[in-house]
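Read-outs throughout are calculated quantities, based only on the coordinates presented, and are distinct from any laboratory measurement. None of these values were measured; they are calculated from a predicted model. Cβ sites come from the backbone with ideal geometry, for glycine too, and all protein chains shown count toward neighbours.
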2 protein chains.
Amino acid sequence: MSKEPEDTIASRISRVLADRIVRGELAPGARLRQDHIAEEFQTSHVPVREAFRRLEAQGLAISEPRRGVRVASFDLAEVREVAEMRAVLEVLAIRHAARHLTPAILDAAEEATREGDAAADVHAWEEANRRFHRLILTPCGMKRLLASIDDLHAASARFLFSAWQSGWEKRTDHDHRAILAALRQGRTDEAAAILQKHVQWIGRGPQPAKTGIPRETFAIVG
Amino acid sequence: MSKEPEDTIASRISRVLADRIVRGELAPGARLRQDHIAEEFQTSHVPVREAFRRLEAQGLAISEPRRGVRVASFDLAEVREVAEMRAVLEVLAIRHAARHLTPAILDAAEEATREGDAAADVHAWEEANRRFHRLILTPCGMKRLLASIDDLHAASARFLFSAWQSGWEKRTDHDHRAILAALRQGRTDEAAAILQKHVQWIGRGPQPAKTGIPRETFAIVG
DNA sequence: GGAAATAAAATTATCTATAATTTTTGAAAC
DNA sequence: GTTTCAAAAATTATAGATAATTTTATTTCC
């Protein structure tokens, strides 16, 4: 019971590195040197290389043979691409999840929304937001679809964190509440439509200036 | 020019293994033993392990810590899941690709369709079919989206090959022609609608009996 | 002073070796 | 004949070592 399975070192390394990349602690283009990372994790570089393959598949790192691995960079076009992929895939997921949603799940999702609204910083908001999406989508039971969505969420979060390096301001998530209301009434199509717009909007509106504090929030979150 | 970059051994191994899994030469559930594969490719098992991580990410293999890697198995539910994911993602791609399509590309796609119709076996058909889809979708220029679609195509092909182990019969692909006609006339919505149905249908109809020769073709191809 | 060439250092990709774990084999008990 | 257990074999995961390549630093030449 208390014995953790403690999966492979490679998976632990890939999780930690993915988190750092998403949070922006590792900047786009930064080189990932296998020996240094191996030293940090007190291992040889073999599991580090395996972790790299995982990051590559997730689109978080780019590897060039013999030239090493670096943190993937991303531009606005890719942010939009990710948003559109998320939109269509999350709609697909919600359509299948709808019939399996229980009041308990919807209550938990509402709680996640409240936590998001009350979040003091962007990381807390992101966690709550992701929880909301996961709660209402997981019941679709489509593992491959959910895994893809998870990877896209990570990519979205990268953008979110890079845009909101400081100065998070609280906001009320009307989309989430509208989605929940529609789901509670069994209006799946309506919920799907709101969800689609909600996600698709990411990266569409005016971007915050790099120097100043971001003003327009609706274009970044989702 | 003649000098090939000859990328890493790991990527070569993952390509070959992926191909074998898709073609059904490696059965679902079959164990992939790193030492044996290493011996076959005249390498150590280190690059083999890296290849495993790639296959895992593509959904072609499943790895359990300390228990090894085996070929992923798939059931009808997963075939449908893949089909639905392909449907929404290919529609997204075609919507973005449409404006960049040239008559030359459409001609090449028509040629691919003809080759598919004339294909003598299921492998030739699959290759032509994939070429068709790639031709009309690639111009969207969304790398991440195209990579996802490619992985889903591989999963679809697995199902196709497992269903049509023998007894391929020629057929005329009306969907492909209708899609091309719509694209030629600039009717993107119509093309997208046909494409969606075309792909979504996979795994829906009656399945061929394992013992006999498959009769219903419309439900398997796409 | 700056470009080109060269030497030194760092880094990647791979191999061989080893410890830990799982699977298989085979005998003993029922 | 089947189940249980233990020893043997096979296999995984990781470490440590090495050759090849790339990057960085240094020197030379213009």
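Inter-label distance, A:SER73 to B:GLU115: 3.6 nm, where each label sits 7 Å from its Cα along the C-beta direction. As a proxy for reagent exposure, B:TRP201, A:TRP164 were ordered by neighbouring Cβ count within 10 angstrom, fewest first; the result is B:TRP201, A:TRP164. Any idea what angle helix A:188-200 forms with the longest principal axis of chain A, computed on alpha-carbon atoms, 0 to 90 degrees, nearest 10? Tilt relative to chain A: about 40 degrees. Using Cβ point charges alone (K and R +1, D and E -1), the dipole size of the protein assembly as shown about the Cα centre works out to roughly 40 debye.
Note on the range B:1-160: Cα Rg divided by 2.2 N^0.38 Å, N the number of residues, gives 1.16. Each Lys and Arg Cβ is given +1 and each Asp and Glu Cβ -1; about its Cα centre, chain B then shows a dipole of about 400 debye. Rounded to the nearest 10 degrees, the inclination of helix B:45-58 to the longest alpha-carbon principal axis of chain B is 30 degrees.
Taking only C-alpha pairs under 8 Å that are 6+ residues apart, what is the relative contact order of chain A in percent?
Over chain A, the number comes to 22 percent.
Each copy carries a label point for B:ARG134 at 7 Å from Cα toward Cβ; from one copy, the others' points are 3.6 nm away, ordered from shortest.
Kindly provide the helix-only [θ] at 222 nm of the protein assembly as shown, computed as the sum of -39,500 (n - 2.57) over DSSP H runs of four or more divided by all residues, to the nearest 500 deg cm²/dmol?
-20000 deg cm²/dmol
Remark: B:ILE202, B:ILE136, B:ILE62 ranked as B:ILE62, B:ILE202, B:ILE136, counting other beta-carbon atoms within 10 Å and listing the fewest first. With the label put 7 angstrom out from Cα along the Cα-to-Cβ vector, A:GLY186 ends up 4.5 nm from the copy partners, going from closest to farthest. Compute the Cα gyration tensor for the range A:9-71, then decide on rounded, prolate or oblate, letting a ≥ b ≥ c be the square roots of its eigenvalues: rounded whenever a/c is under 1.5, prolate when a/b is larger than b/c in the other cases, and oblate in all that remain. Verdict is rounded for the range A:9-71. If you run the Gaussian network model on chain B, springs between alpha carbon atoms under 10 Å, then out of B:LEU32, B:LEU60, B:LEU137 the most flexible one is B:LEU32. For the residues A:HIS45, A:HIS123, A:HIS176, a GNM of chain A with alpha-carbon springs under 10 Å puts the largest fluctuation on A:HIS45. Judged by the ratio a/c of the largest to the smallest principal axis of the C-alpha gyration tensor, the range A:97-152 counts as oblate, that ratio being 1.5 or greater while a/b is no larger than b/c.
Per-residue shielding of A:49-57, expressed as the average number of other chain Cβ atoms within 10 Å of the residue Cβ, stands at 5.
Residues within the reach of a label modelled at A:ARG184 (point 7 angstrom out along Cα to beta-carbon, backbone nitrogen below 15 Å), restricted to the range A:100-117, are A:102-114. Cα centroids of the range B:116-150 and the range B:156-192: how far apart, whole angstrom? Distance between centres, Cα-based: 10 Å.
Classify the protein assembly as shown as rounded, prolate or oblate, taking a ≥ b ≥ c as the square roots of the eigenvalues of its Cα gyration tensor: rounded when a/c is under 1.5, otherwise prolate if a/b is larger than b/c and oblate if not.
oblate
Taking amide H atoms as placed 1.01 Å from N in the peptide plane, the amide H of A:LEU32 lies under 5 Å from those of A:VAL69, A:ARG70, A:VAL71, each 5 or more residues away in sequence or on another chain.
Shown here: the range B:76-200, whose C-alpha atoms stretch 39, 29, 22 Å along the first, second and third principal axes, sorted largest to smallest.
Principal-axis analysis of the Cα atoms of chain A puts helix A:122-137 at an angle of about 60° to the longest axis. Sorted from nearest, the other copies put their B:ALA120 label points 7.3 nm away, the label point being 7 Å from Cα in the direction of Cβ. For the range A:120-213, the dipole from Cβ point charges (+1 on Lys and Arg, -1 on Asp and Glu) about the Cα centre works out to 120 debye, to the nearest 20. The residue list B:ALA104, B:LEU145, B:VAL16 was ranked by how far each Cα lies along the charge dipole of chain B toward its positive end, using unit charges on Cβ atoms, and B:LEU145 comes out on top. Once C-alpha pairs closer than 8 Å and six or more residues apart are averaged by separation and normalised to the residue number of the range B:9-71, the relative contact order reads 42 percent.
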